[in-house]
Amino acid sequence: LQDQCRICAVTKDDVDAICANMPSTRVVTVQPTTLDDVLGDVNTIANAMGVPARGERLVRHLRSRLAAVTEAVEGMHATRPKVVHLEWLDPLMGSGYWIAECVEAAGCDMILGQKGGNSATVDGLE
């Protein structure tokens, strides 16, 4: 269960209520705010599923791919391109959390968002 945003996902209370009458149900809740948190949550979920080695292997693979992208785009542009990533349209929300880190790794600068922070509502652009 992603318990990050009440707008774009079901709530933990909703999931707990639905799962209360199901046998052998375990709810794993994650709340990542950074890219490292997301990758750590891969391990958390893999551990909960009883396959910790698969989670560790996947995280190593994802880190390797991220490093390859960062290396491939290094020095590609004289000026880093600017990127807008919107989480939501009504209300208009710029991305937060780990999205800015992904954009940065791709050689761009994020506008209307912040690394590791909440998705902020954007005012005045209507």
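Membrane-span-like helices in the chain, defined here as complete DSSP H runs extending at least 15 Å along the helix axis by their C-alpha atoms with mean Kyte-Doolittle hydropathy no lower than -0.5, are 35-48, 52-73; this is a sequence and geometry rule, not a statement about a membrane. The chain: percent of C-alpha pairs farther apart than 23 Å? Taking all Cα-Cα pairs of the chain, the fraction more than 23 Å apart is 47 percent. For the chain, give the percent of accessible area contributed by carbon and sulfur heavy atoms, probe 1.4 Å, rounded to a whole number. The computed percentage sits at 55. Once both labels are positioned 7 Å from their Cα atoms along Cα-to-Cβ, the gap between A20 and T70 label points is 4.5 nm.
Remark: spin-label model distance T34-N118 equals 2.0 nm, labels positioned 7 Å along the Cα→Cβ axis. Length available on full extension from L89 to A53: 0.36 nm per residue minus the Cα-Cα distance, which gives 9.1 nm. Taking the Cα of A78, stepping 7 Å toward and past its beta carbon, and measuring to each backbone N in segment 88-126: which are under 14 Å? No residue passes the distance filter.
The values are calculated or read from the model by the stated rules, or taken from the named source; none is laboratory data. As the structure is a prediction and not an experimental result, all values here were calculated from the model. Here the Cβ is made from the backbone with ideal geometry for all residues, glycine too, and neighbour counts use every protein chain on show. To get the accessible areas, we keep the full protein, side chains included, count just its heavy atoms, and leave off ligands, DNA and RNA. Shrake-Rupley method; radii C 1.70, N 1.55, O 1.52, S 1.80 Å.
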